[in-house]
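Below you'll find the structure, written out as structure tokens, and then a few comments.
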Amino acid sequence: MRETFIEPKVRLVQTNTEPITRSRRRSTRRLTGIAVGVLAMALALPGVANAAPVTVIPGLPPVEIPVIPGLPTPPAPSAPKAPEPPSSATTPEKPADPAIPNVKTPTGYIALADDKTHTITWWKNGEVVKKMPISMGSDKHPTPNGVYHTKEKYRDMYMDSSTYGVPVDSAEGYRTYVEYATRMSWDGIFIHAAPWSVAQQGNSNVSHGCINVTTEYGKWVYDNVPRGTPIVVRNTVGGQYQGD
């Protein structure tokens with residue numbers, strides 16, 4: 001009996017590898033396209049936002065950094081401040097002290113009453129110890145220029161115009177109570193406290209020839225200046241004092 005060999009039918013199954021590979025390639029190309037689009041948009045955003053901060057690295061050209069919405073924008077570089085000009089305000093200079101008069105003094109004290117400045121300056125042993133605003137004799141009753149010397153002192157007293165020939169009840173007469181009066185001459189000139197002329201002291205002359213000062217300064221002269229101290233009067237419209 002003849003054997004018959006029957007060849008088994010083998011069915012080839014074709015694998016679907018090629019479509020999968022193509023799908024992956026398309027996905028890769030799609031992702032690449034998206035990345036390129038994002039990059040292009042990022043590069044275009046600075047122009048749209050009208051802002052392109054520039055970072056400069058020494059030795060390299062400037063690099064523009066795009067501004068991305070939602071992220072903080074780096075601060076713009078600030079211009080250096082110009083130095084402020086020096087202040088033009090100046091402290092007013094203190095008026096210089098006058099030169100000490102060239103007169104002899106047995107007490108160490110010397111005074112200068114200057115009508116130009118309406119001030120009396122006191123020196124002790126060559127050093128300024130006091131400056132006072134004053135009011136001296138008016139143009140009608142000026143204080144004579146010259147060298148006076150302090151004499152007797154009165155804690156308080158009445159000044160009477162009749163002592164130099166002007167009746168008390170006349171238009172020019174007076175009888176006035178004063179404190180801390182130090183006599184400068186025997187014809188009735190004193191340096192004394194005159195609270196009624198404080199507004200004029202340092203500015204104008206309103207007395208009948210005496211040197212008016214505040215009550216505080218009158219007391220200082222009364223307490224400190226010894227008898228025989230020279231007081232020099234200058235620059236008044238009066239004549240010349242003939243001495244004691």
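May I ask you to list the residues in region 121-140 that are buried (at least 17 other Cβ atoms within 10 Å of the Cβ) and more than 20 Å from Tyr222 (Cα to Cα)?
Gly137
Could you check region 174-206 and list, in sequence order, the residues that are of a type in the set (D, E, K, R) and assigned to a loop (DSSP other than H, G, I, E, B)? Talk me through it step by step, then tell me what you get.
Our first condition is that a residue be of a type in the set (D, E, K, R); within region 174-206, this holds for 175, 179, 183, 187.
Asp187, the sole residue that qualifies.
Can you list residue pairs whose Cβ atoms sit under 7 Å apart, with the first residue in region 111-138 being within 18 Å of Pro226 (Cβ to Cβ) and the second being open to solvent by 10 Å² or more (accessible area, probe 1.4 Å) and at pLDDT below 95? Count only pairs 6 or more apart in sequence or on different chains.
Thr121/Asp97; Val128/Asp97
So His208 passes all but one of these: (1) open to solvent by less than 20 Å² (accessible area, probe 1.4 Å); (2) under 43 Å from the mean Cα position of the chain (by Cα). Which condition number does it fail?
Against the list (1) open to solvent by less than 20 Å² (accessible area, probe 1.4 Å); (2) under 43 Å from the mean Cα position of the chain (by Cα), His208 comes up short only on (1).
Mind checking which residues of region 139-158 are free of Cβ contacts under 8 Å to residues at least 40 places away in the same chain and in contact with a Cys (Cβ under 9 Å, 6 or more places away or on another chain)?
Once the filter is applied, which keeps residues that are free of Cβ contacts under 8 Å to residues at least 40 places away in the same chain and in contact with a Cys (Cβ under 9 Å, 6 or more places away or on another chain), region 139-158 yields nothing.
Would a scan of region 152-173 turn up a residue that is in a strand (DSSP E or B), over 35 Å from the mean Cα position of the chain (by Cα) and crowded, with 21+ Cβ neighbours inside 10 Å?
No, there is no match, as no residue in region 152-173 is in a strand (DSSP E or B), over 35 Å from the mean Cα position of the chain (by Cα) and crowded, with 21+ Cβ neighbours inside 10 Å.
The values are calculated or read from the model by the stated rules, or taken from the named source; none is laboratory data. Everything quoted here is computed from the prediction, not taken from an experiment. Reconstructed Cβ throughout: ideal geometry from the backbone, glycine too, with neighbour counts over all protein chains shown. What goes into the accessible areas is simple: the full protein's heavy atoms, side chains included, and nothing from ligands, DNA or RNA. Shrake-Rupley method; radii C 1.70, N 1.55, O 1.52, S 1.80 Å.
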